[in-house]
Amino acid sequence: MDAHDDNGVLDAIGGTPIVRLESLVPDGAAEVWVKIEGANPTGSYKDRMAVSVLSAAVARGDVSPGDTVVEYTGGSTGTSLAFVAAVLGLRFTAVFSDAFSASKQQAMEAFGGEVLVEASHGDGITPELVGRMRERAYALAEQPGHYYADQFGSPDVIAGYASMGEEIGAALGDGIDVFCTGVGTGGALMGTLRGLHGAGLEPQVVALEPAEAPLLTEGVSHGHAVEGVAVFPDPPFLDRGVLDGIRTIGQERAFETCRRLARTEGIFAGGSTGMNVSAAIDLAVELGAGHRVVTIACDHGLKYLGGRIYS
C-alpha cells in the first residue's frame, strides 16, 4: 500500500486470502466466498483503516511523533490504532467499555495503549453507552497534544478499505453477484464497494445487522452482543442509495455459525463474521447454482475467547 511504503510491519497489512466455503453451503446453492481479514497483523480488517487514517494525518502534519491519538472503540479499531500508532511513534488512548471483549482491552494495552473503561452496567452495547464513550473521547481529544482519529467521520476511512475490494476483484474478476456485510460505521462496506467498482465489478449490495438491534430497518436497538456493528441508526459513511437490501440475523444464529465455521471450515472468527456468513448462505440458497456471493471474515476468533461465542 502506497500510504505506508518503507514502514516495515505496516506493509503486512492487506493482501489477505479469500476462500470458498465447502461444508456449510448446501448443494445447489451459489458459491460463497469469504475474505479472511483475520490474517492482518492485529487480526482485523480495521488495520486497513487505521494505517490509512494515521498515515494521512502524519503526512498532513495533523499529528506528530509523541502526540496522543484518541478514539472511542469496541476494541478492534482501538487495537489497530494502537498498533499503527506504536509503529509511527505516536501514543494512543482508547475510550472502551466492559460491554466488549476483555481480550480486546488487553490487546490495546499490549501495543502500549491507555484504555479508559466506561461501565455498561450489564446492558450490553446500547446507543446510550456509545454516547457516553463518544463524549468522553471528544473531551479528551481537546487537550493539547491530542488528536481525534475520527473513525466515524474521517474521509481516510473509506480510502483505507478500498484495497479490500480491489483484492476481491483481482481474485474473482470473472464476476460477483452479491456482496454482503454487516454495518457499523458503513466505512468497510462503502470502501470495499469503491474497490469493487474500481475493478469493474457491480454486485448487488446487502447490508446486515443483528435482529436484536434493527437500527437500519427500524431505528431501534434493544442492546446486542455482536461487536463492531449496529452502533448508529444512520451510519456516518453509509450511502443507503447503493443498497439493494438490508437483512437481520439473530445473534445466537450468528454465534452458532461462528462455531460451525471453526469446526467445519477451519475459519476462526468473531460474531460479525458469523452474521455475515449466515446471511451469505441464505443469499446463496436463494440465488442457486451458477452465482457467487462474497462476504468478509472481519477479524480473528482469538479476540473472542473467554466470551459467549466460544465458551
Restricting attention to the range 274-300, report how many residues are under 23 Å from residue 39 (Cα atoms) and either crowded, with 23+ Cβ neighbours inside 10 Å or acidic (Asp, Glu) (or both). 14
Would you mind finding the one in 256, 252 that is among the acidic types (Asp, Glu), open to solvent by 10 Å² or more (accessible area, probe 1.4 Å) and more than 23 Å from residue 121 (Cα to Cα)? 256
Going through (1) in contact with a helix residue (DSSP H, G or I) (Cβ under 7 Å, 6 or more places away or on another chain); (2) of a type in the set (A, V, I, L, M); (3) more than 22 Å from residue 304 (Cβ to Cβ) one by one, residue 21 fails only at (3)
Looking at this structure, is residue 195 without any contact (Cβ under 8 Å) to a residue 12 or more places away in the chain and either open to solvent by less than 40 Å² (accessible area, probe 1.4 Å) or out of contact with any helix residue (DSSP H, G or I) (no Cβ under 9 Å at 6 or more places or on another chain) (or both)? no
Tally time: how many residues in the range 270-299 are in a strand (DSSP E or B) and modelled with pLDDT of 95 or more? 6
Does at least one position in the range 221-236 carry a residue that is without any contact (Cβ under 8 Å) to a residue 40 or more places away in the chain and surrounded by 22 or more Cβ atoms within 10 Å (Cβ to Cβ)? no
Looking at the structure I just gave you, is residue 87 within 27 Å of residue 38 (Cβ to Cβ), at pLDDT below 95 and part of a helix (DSSP H, G or I)? no
Name the one entry in 92, 96 that is in a strand (DSSP E or B), more than 22 Å from residue 159 (Cβ to Cβ) and over 14 Å from the mean Cα position of the chain (by Cα). 96
Contacts under 7 angstrom Cβ, first residue in the range 102-119 being free of Cβ contacts under 8 Å to residues at least 24 places away in the same chain, partner surrounded by fewer than 15 Cβ atoms within 10 Å (Cβ to Cβ) and not in a helix (DSSP H, G or I), 6 or more apart: 117/98; 119/98
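Which one is farthest from residue 37 (Cα to Cα) among residues in the range 108-158 that are in contact with a Gly (Cβ under 7 Å, 6 or more places away or on another chain) and not β-branched (Val, Ile, Thr)?
Applying the filter and picking the extreme gives 123.
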Being touching a residue at least 12 places away in the same chain (Cβ under 8 Å), of a type in the set (D, E, K, R), out of contact with any Cys (no Cβ under 8 Å at 6 or more places or on another chain) and open to solvent by 20 Å² or more (accessible area, probe 1.4 Å), is that true of even one residue in the range 133-143? yes
Residues of the range 34-86 satisfying the condition of being among the aliphatic types (A, V, I, L, M) and either closer than 17 Å to residue 298 by Cα or open to solvent by 10 Å² or more (accessible area, probe 1.4 Å) (or both): 34, 36, 39, 49, 50, 51, 56, 58, 59, 81, 86
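Mind listing just one residue for me: the one in the range 221-263 that is assigned to a loop (DSSP other than H, G, I, E, B) and more than 19 Å from the chain's Cα centre (by Cα) and, of those, modelled with the highest pLDDT?
That would be 244.
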Taking the range 26-65 and keeping residues farther than 19 Å from residue 16 by Cβ and in a loop (DSSP other than H, G, I, E, B) leaves 26, 27, 28, 29, 30, 61, 62, 63, 64, 65
Kindly state which strands (runs of 3 or more DSSP E) lie completely within the range 103-187 and contain at least 3 residues that are under 17 Å from the mean Cα position of the chain (by Cα) and at negative phi. 178-182
Of these, 212, 202, 218, which one is of a type in the set (Asp, Glu), closer than 19 Å to residue 295 by Cβ and over 17 Å from the mean Cα position of the chain (by Cα)? 202
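The values are calculated or read from the model by the stated rules, or taken from the named source; none is laboratory data. Values in this document were obtained by computation on a predicted structure and should not be read as measured data. Positions of Cβ are generated from backbone atoms using ideal geometry, with glycine treated the same way; all protein chains shown enter the neighbour counts. Each accessible area value is taken on the protein alone, full model and side chains, heavy atoms only, with ligands, DNA and RNA left out. Shrake-Rupley method; radii C 1.70, N 1.55, O 1.52, S 1.80 Å.
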